[in-house]
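The values are calculated or read from the model by the stated rules, or taken from the named source; none is laboratory data. This one's a predicted model, so the numbers in the text were calculated from it and none came from an experiment. Note: ideal-geometry Cβ built from the backbone for every residue, glycine included; neighbour counts use all protein chains shown. Each accessible area value is taken on the protein alone, full model and side chains, heavy atoms only, with ligands, DNA and RNA left out. Shrake-Rupley method; radii C 1.70, N 1.55, O 1.52, S 1.80 Å.
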Amino acid sequence: MKDTQHLYEKTISSQTIYEGKVITLKVDEVLLPNGHTAKREIVTHQGAVAVMALTDEGKLVAVRQFRKPLEQVIVELPAGKLEPGEEPLACAKRELQEETGYQAKDYTLLSSFFTSPGFANEILHLYLA
């Protein structure tokens, strides 16, 4: 990989402006590579899992959830946030059971990825069950 050191932004100061049960919001002042400063609004989150669960008949298990930011009910994969110290696999098993009543014999980690890296540090672990 090509050297990326020239892309880094050094944090000058950081101020937490909100701490909630799910997220923390902070504003960082950073020194840009060109010498200017800028502010970055950052959401911190402890991470989450989502489960693509298939029944013995090959049907995908989904749930309907009302999502306030969207002001609507959407269909989504069973998912949930990691509890402090919880391993992603344990969370996947717990969320599948809690949200659907299903349990799976096998779990395979498909990918772990950052959901919105432009403003949040949330990592999502996606399992096939």
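Looking only at residues that are part of a strand (DSSP E or B) and free of Cβ contacts under 8 Å to residues at least 24 places away in the same chain in region 77-113, which one is farthest from G20 (Cα to Cα)? Give the steps one after another, and end with the answer.
Filtering region 77-113 for residues part of a strand (DSSP E or B) gives 79-81, 108-113.
Now restrict to residues that are free of Cβ contacts under 8 Å to residues at least 24 places away in the same chain: 108-109, 111, 113.
Working: T108: 31, L109: 29, S111: 27, F113: 23 Å.
It comes out as T108.
Is one or more of the residues making up region 45-59 in a strand (DSSP E or B), of a type in the set (S, T, Y) and free of Cβ contacts under 8 Å to residues at least 60 places away in the same chain? So that I can check it myself, show each step before the final result.
Within region 45-59, the subset in a strand (DSSP E or B) is 48-54.
From what's left, of a type in the set (S, T, Y): none.
No, region 45-59 contains no residue that is in a strand (DSSP E or B), of a type in the set (S, T, Y) and free of Cβ contacts under 8 Å to residues at least 60 places away in the same chain.
Taking only region 5-29 into account, find how many residues are in a strand (DSSP E or B) and over 20 Å from L82 (Cα atoms). Quick ask: steps written out before the conclusion?
From region 5-29, those in a strand (DSSP E or B) are 10-19, 24-29; that's our starting set.
With over 20 Å from L82 (Cα atoms) added as a condition, the list becomes 10-17, 26-29.
Count: 12.
If P33 meets every condition in (1) open to solvent by less than 60 Å² (accessible area, probe 1.4 Å); (2) touching a residue at least 12 places away in the same chain (Cβ under 8 Å) apart from one, which number is that one?
It is condition (1) that P33 fails.
Going by what's in this entry, would E71 be described as charged (D, E, K, R) and surrounded by 11 or more Cβ atoms within 10 Å (Cβ to Cβ)? If you could, list the steps in order and put the result at the bottom.
Working: charged (D, E, K, R): yes; surrounded by 11 or more Cβ atoms within 10 Å (Cβ to Cβ): no.
Here the answer is no, as E71 does not meet what is asked.
Examine region 45-61 for a residue that is open to solvent by 50 Å² or more (accessible area, probe 1.4 Å), of a type in the set (V, I, T) and at pLDDT 95 or above, and state whether such a residue exists.
Initially, region 45-61 is screened for residues open to solvent by 50 Å² or more (accessible area, probe 1.4 Å), giving 46, 52, 54, 56-60.
Right, trim to of a type in the set (V, I, T) and you get none.
No, the conditions are met nowhere in region 45-61.
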